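Presented below is the structure to which this report refers.
The values are calculated or read from the model by the stated rules, or taken from the named source; none is laboratory data. Worth saying up front: this structure is predicted, and the values here are computed from it rather than measured. No Cβ is skipped: glycine too gets one built from the backbone with ideal geometry, and neighbour counts run over all protein chains shown.
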C-alpha cells in the first residue's frame with residue numbers, strides 16, 4: 001500500500017488516483033514478463049489500429065490505454081466529457097468489447113501501442 005496523506009491505495013488503483021493525491025508516476029509495477037499500462041512498444045514492433053476506427057477514436061483509445069478517464073481525455077483534447085463518452089461507446093461497439101480494461105488488453109494483445 002502507498003499513502004500520501006490522501007488515503008491508502010493498492011498498486012492497481014495508484015495510477016487512477018495519482019493526480020488527485022499529488023503524485024507523479026512514471027512506472028507501474030507489474031508481473032514479471034507482463035506489460036504495464038504506460039509501456040509502449042517500439043514503432044517497429046507496433047501494428048496498425050483497426051481501420052474501422054476514426055482518427056479521433058484512435059486518439060481516444062491511446063489515452064484510454066494510458067489509463068486516462070473520459071473527463072481527463074476531454075480536457076486534453078478540448079472536447080466535452082459527453083463527446084468522449086460517445087467516442088468510447090463507438091470504440092467499444094466497433095471492437096466488440098465492454099470496458100476500458102478490455103480496450104487495454106486488446107491494444108496490448110494486438111500490439112497497437
Qualifying positions in region 60-86 - more than 14 Å from the chain's Cα centre (by Cα) and either part of a loop (DSSP other than H, G, I, E, B) or closer than 22 Å to residue 48 by Cβ (or both)
77, 78, 79, 80
All positions within region 93-105 that are surrounded by fewer than 17 Cβ atoms within 10 Å (Cβ to Cβ), assigned to a helix (DSSP H, G or I) and in contact with a helix residue (DSSP H, G or I) (Cβ under 9 Å, 6 or more places away or on another chain):
94, 102
Some residue of region 12-20 being at pLDDT below 90, surrounded by 14 or more Cβ atoms within 10 Å (Cβ to Cβ) and in contact with a strand residue (DSSP E or B) (Cβ under 8 Å, 6 or more places away or on another chain):
yes
